[in-house]
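Visitor: The structure is given below, and queries will be raised subsequently.
Readers should treat all values here as calculations from the given coordinates under stated rules, not as data from a laboratory. Keep in mind that this is a model prediction, so the values were computed, not measured. We place every Cβ from the backbone using ideal geometry, glycine too, and count neighbours over all the protein chains shown.
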Amino acid sequence: MKKKELYGYGIGIVAAELVGLLAQLFSGAGSAFYETLQQPPLSPPGWVFPVVWTLLYAMMGAASYQIWSSEADGRRGALVLYAAQLAVNFLWTIVFFRFRLIGPAVAVLALLCVLVALTALRFWKIRPSAGLLLVPYLIWILFALYLNVGVWILNT
C-alpha cells in the first residue's frame, strides 16, 4: 500500500471516529441513563458498545476513503449519502441519550437503517469492498433498532 493510501485511509478513519467521539461528548451522561432502563433480551453489557462502535467507525472511514479515492461517476452522490447517514447516526445519539426521547429515537434509527443500506448499495456499485465494509455496521444498527424498540416498549 502506498503512503498516500495510508494517509487517505487514516484521514477517513479519523474523521469517522471523530463523529462518534463528538456524539458521545454531546450526549451527556448517556451510559448512566441507559443503565437505568429495562433491557430487552440479548442486550449486551455496556462495555461492548464502545468497542463495537470504534471498530464500526473505522470500517466506515475505510469504506469512505475507498469511494473518495475512486474515479467513479457516482462517487459524489455516494459520499453525500455517506455524510447524511453519519449525520443521522450523530443525531440518534443526541436524541436517545441527551434528550432521552426513546420513541423518537426509534424513528431516527429506522431512518439510519435505510440510509446505511442505501449507502452500502451505492458503495458496492462503485467498489464492492467498500460496500462490504458497511455490512457489519448495517447488521449492528438493525440490532440497535431491536434494542431501541425493546427499551421503548419496556420503559413506557
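Visitor: Would you look at the GNM of the chain, springs on alpha carbons closer than 10 Å, and say which of R76, R127, R98 moves the most?
Guide: Among R76, R127, R98, the largest mean-square fluctuation in the Gaussian network model of the chain belongs to R76.
Visitor: Rounded if a/c is under 1.5, else prolate if a/b beats b/c, else oblate: with a ≥ b ≥ c from the C-alpha gyration tensor eigenvalues square-rooted, which is the chain?
Guide: Verdict is prolate for the chain.
Visitor: Relative contact order of the chain: what whole-number percent is it, with Cα pairs under 8 angstrom and at least 6 residues apart?
Guide: Across the chain, relative contact order equals 30 percent.
Visitor: Kindly rank 55-67, 36-48, 129-141 from highest to lowest mean number of other beta carbons found within 10 Å of each residue.
Guide: The packing order, highest mean first, is 55-67, 129-141, 36-48.
Visitor: Quick check on the exposure proxy: order W92, W124 from fewest to most C-beta atoms within 10 angstrom.
Guide: Exposure proxy ranking, most exposed first: W124, W92.
Visitor: How would you order 81-90, 12-21 from highest to lowest mean count of nearby Cβ atoms within 10 Å?
Guide: Highest-to-lowest ranking by the protection proxy: 81-90, 12-21.
Visitor: Here's something else I'd like to know. Could I have the simple spin-label model distance between I139 and E71, label points 7 Å from Cα toward Cβ, reported in nm to one decimal?
Guide: 3.5
Visitor: If you don't mind, there's one more thing I want to ask. When the chain is fully extended, how far beyond the present Cα-Cα distance does M1 get from N155, taking 0.36 nm per residue of separation?
Guide: Full extension from M1 to N155 adds 50.5 nm.
Visitor: Report the charge-dipole magnitude of the chain in Debye, nearest 20, computed about the Cα centre from +1 at each Lys and Arg Cβ and -1 at each Asp and Glu Cβ.
Guide: 360
Visitor: Calculate how large, on average over all directions, the projected area of the Cα convex hull of the stretch 89-156 is; give the answer in nm² to one decimal.
Guide: Computing the convex hull of the Cα atoms and averaging its projections yields 4.2 nm².
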